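First up is the structure itself, then whatever we jot down about it.
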Amino acid sequence: MTSPPILDVKGLKKHYPIHGGLWGSTIGHVYAVDGVSFSVTKGETLSLVGESGCGKTTVGKTILRLTEPTGGEVLVDGNRIDNLPVSELRPLRKRMQVVFQDPFSSLNPRLKVREIIAEPMLNFGMAKSASEMTDRVAATLDKVRLPRDAMRRYPHEFSGGQRQRIGIARALGTDPDLIICDEPVSALDVSVKAQVVNLMSDLQQELGLALLFISHDMAIVEHMTHRVAVMYLGKIVEISDRRSLFADPKHPYTQALLSAVPVPDPTVKRSRIILKGDVPSPIRPPPGCRFHTRCPYVFDRCRTEEPLLREVAPGQLAACHLHDTAASKAA
């Protein structure tokens, strides 16, 4: 029996208005996120992957209400939070934290590490005295494997990987149930990436965290995730468990993404799928399947009818008309 989801996203939309003309009226929209649905359970990592500009980061910000959703629902433990007033939303923020992409700009250079990690704890009244706060900060530094004397130093005194550990410690300070990780290792060196990813995996197992891991690095995703959701131009085109997706991707876009992942063994030959053209503008997304302008298997139905995200194999959902055609031929 599967546990109920901590996070449940249903038809999430974020459309940014475009203003123009003499009076600054709305002349269009950027369809950054356009009907995204998924869930994350306790102790699970769901990776959200896709090209730059596909809407991954916007999904994370909208879930956290750092930007307000245009439509859809966001539920935490079955309770909607997308329409809550700020006063009622604030206590729930303790349960949802974020690790940002750039450890060089996400930490206040004027604050010492103790103040950086203690700030969210202070916001939620998690310590009754300065000594108790110091103990909590020290314990959090232990979790991310940094020395306790780090709390007396400033962010500029640390390397990029150490700064990201400080960012992770800040997120852990409120004892969250869910952490949204927005490209948390993309700004780090390769050797440091592995250390930070392994740390996050260990913390998840120790603390039972739910992670929404936003990334474009498929090699990192394959190492640490349980399930993968693939985004293209504001929509999810495939959701699958990790093993099935990397062994047998069902959507042509996922197949192209995986074919571009470097293989360390030079004797292994892999056929590359080279997509033609550029990603269409999110201001005027193409009708039908949004991938049809670049898909090597496109046919007439793809240009007019939007495919639904549905189960095409056990544990694998894909939004592609090819599977309807294959099913009808099999029948």
Notebook entry, point to check: Residue by residue through the range 278-293, which ³J(HN,Hα) values in whole Hz follow from phi under the Karplus form 6.51 cos²θ - 1.76 cosθ + 1.60 (θ = phi - 60°), with glycine and proline marked x?
Noted result: 10, 5, x, 6, x, 6, 10, x, x, x, x, 6, 5, 8, 5, 6
Checklist line | Estimated 222 nm signal from helices in the chain, with DSSP H stretches of n ≥ 4 weighted -39500 (n - 2.57), rounded to 500 | finding: -9500 deg cm²/dmol
Next item on the list: Go ahead and set up a Gaussian network model of the chain, Cα springs under 10 Å, then flag whichever of V237, V144, V190 fluctuates most.
Entry: V190
Check: In terms of the Cα gyration tensor, with a ≥ b ≥ c the square roots of its eigenvalues, is the range 103-175 rounded because a/c is under 1.5, prolate because a/b exceeds b/c, or oblate?
Finding: prolate
Next item on the list: Rounded to the nearest 0.05, what FRET efficiency do S281 and E157 give with R0 = 35 Å and r taken as the Cβ-Cβ distance? Could you check?
Entry: 0.20
Next item on the list: Report the antiparallel proportion of the DSSP beta bridges in the chain as a percent, rounded to a multiple of 5.
Entry: 65
Note to self: Based on alpha-carbon centroids, what's the gap between the range 206-275 and the range 1-67 in Å, whole number please?
What the structure shows: 19
Note to self: Apply the a/c threshold of 1.5 to the C-alpha gyration tensor of the range 179-269 and tell me whether it is rounded, prolate or oblate.
What the structure shows: oblate
Next item on the list: Evaluate the distance, in nm, between pseudo-label points positioned 7 Å from the Cα of F124 and of H223 along their respective Cα→Cβ axes.
Entry: 2.9
Check: Roughly speaking, what is the stretch gain from I18 to E68, that is 0.36 nm per residue apart minus the C-alpha to C-alpha distance, in nm to one decimal?
Finding: 16.4 nm
Next item on the list: With label points built 7 Å along Cα→Cβ from the Cα atoms of D241 and V86, find their separation and express it in nm.
Entry: 4.4
Note to self: Please report the net charge: other residues with Cβ closer than 14 Å to the Cβ of R284, K and R +1, D and E -1.
What the structure shows: -1
Checklist line | Three-way shape call for the range 209-331 based on the alpha-carbon gyration tensor, with the a/c threshold at 1.5 | finding: rounded
Next item on the list: Of the listed pairs K250/K276; K56/K94; K10/K42; K143/K235; K193/K250; K10/K61, which have alpha-carbon separations greater than 26 Å here?
Entry: K143/K235; K193/K250
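None of the figures in this text is laboratory data; all of them are computed from the coordinates on show. This one's a predicted model, so the numbers in the text were calculated from it and none came from an experiment. No Cβ is skipped: glycine too gets one built from the backbone with ideal geometry, and neighbour counts run over all protein chains shown.
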